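Read the structure below first, then the notes.
Every number here is computed from the coordinates shown, using simple stated rules; none is lab data. Everything numeric here is computed off the predicted structure, so don't read it as measured data. Note that we place each Cβ from the backbone using ideal geometry, even for glycine, and neighbour counts take in every protein chain shown.
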Amino acid sequence: MFRGTFTALVTPFHDGEIDETRFRALIETQIEAGVDGLVPCGSTGESATLSHDEHERLIKITIEQSAGRAKVIAGTGSNNTAEACRLTQAAADAGADGALLISPYYNKPTQQGHVDHYRAVAECAGIPLLVYNIPGRTGVNIEPETLAAMSGIDGIVGVKEASGSIDQAQSVMQLCGDDFCVLSGDDTLTLALMAVGAHGVIGVTPNLVPARYKAMVDAATADDFGEARRIHRELLPLMQAMALETNPIPVKTALALMGSLEEELRMPLTPMEEQHRKRLATVLSDYGLVDGNG
């Protein structure tokens, strides 16, 4: 259902408010590059600091601007099950193709608690759901056996897998079958995961080089792993630079250096430390994305 390159969109701000003009321009750049889908209001979009009104507005803008040219998977996760249901229903009403829901953070539910949480959202959603497993942010790993149980629930169609474990991803694929969509949640592991059967990526780096990242994913999809490896190695320093600090600090700083948005984050995220900023600017210059004076 969801295959290929999906960009986890950043949220541009201006004086504390959403910069809709810059956001629409970012979406247009992604679509022109041919990405398969867009993911607003995820971790990269600073969803944790968005108001509910802002959340819904960003999803509506993405759907409106994409105009059917790319799939829209709306980030609608919450550690409050009722809130996740409400956000997902709003995304469905707006016309989203699917929803991405982070596993409940801070609460640290049991494995059965995860199953019940996602089942509750699936029952009220009306659109396909992707589970987002990122234990580094949530404190709990969703085990492969738990995802296998979820795969039998109507409406739950796949997982954004960001545990950092290829072994885990392989177990998920084996237990859940080929129809269960597995998308990489770690840019640097996308090629490795696709080599063992993943269907694509929800990535941060495509914000910067959407066409080139898509070329890697498309090559892997076509089983041209020689070409995919070549592009992976080309992009690796850029992908690694996206992890110099907490996401989305590096990618927003990079886009600001490239002139695509203002260098504005919402607290508690703070501007990039100077040594990391200089390193990032060097990598961007090496790729020809800035003039070398960033």
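Below is a table of values for the structure above.
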{"item": "Residue-by-residue Karplus 3J(HN,Hα) for the range 227-235, coefficients 6.51, -1.76, 1.60, Hz, glycine and proline x", "result": "5, 4, 5, 4, 5, 4, 5, 5, 8"}
{"item": "5 angstrom amide H check on LEU38, placed H, neighbours 5+ away", "result": "THR7, LYS71, VAL72, ILE73"}
{"item": "Under Karplus coefficients 6.51, -1.76 and 1.60, residue-wise ³J(HN,Hα) of the range 112-121 in Hz, glycine/proline x", "result": "5, x, 5, 4, 5, 4, 5, 4, 4, 5"}
{"item": "The chain: most fluctuating residue of THR11, THR190, THR21 per GNM, C-alpha cutoff 10 Å", "result": "THR21"}
{"item": "Charge sum, other residues only, whose C-beta stays under 10 Å from ASP93's C-beta, Lys/Arg counted +1 and Asp/Glu -1", "result": "0"}
{"item": "GNM result for the chain, Cα springs below 10 Å: residue of ALA162, ALA195, ALA91 fluctuating most strongly", "result": "ALA195"}
{"item": "Mean Cβ neighbour count within 10 Å, used as a protection proxy, ranking 222-229, 134-141 highest first", "result": "134-141, 222-229"}
{"item": "Among ARG230, ARG22, ARG119: highest mean-square fluctuation, GNM of the chain, C-alpha pairs under 10 Å", "result": "ARG230"}
{"item": "Given LYS60/LYS278; LYS60/LYS160; LYS108/LYS278; LYS60/LYS214, the pairs whose alpha carbons are separated by over 30 Å", "result": "LYS60/LYS278; LYS108/LYS278"}
{"item": "Environment charge of ILE153, counting only residues whose C-beta is closer than 12 Å and scoring Lys/Arg +1, Asp/Glu -1", "result": "-2"}
{"item": "Ordering of 37-45, 170-178, 145-153 by packing [mean C-beta count within 10 Å, highest first]", "result": "37-45, 145-153, 170-178"}
{"item": "Proximal charge balance of LEU244 [Cβ under 10 Å; K/R count +1, D/E count -1]", "result": "0"}
{"item": "Projected area averaged over orientations for the range 63-152, convex hull of C-alpha atoms, nm²", "result": "5.8 nm²"}
{"item": "Sequence-separation-based contact order of the range 131-228, relative, with Cα cut under 8 Å and 6+ spacing, percent", "result": "21 percent"}
{"item": "Over the range 4-222 - Rg/Rh using Cα atoms and the Kirkwood inverse-distance radius", "result": "0.94"}
{"item": "Bridge type composition, the range 4-222 - antiparallel percent by DSSP, nearest 5", "result": "5 percent"}
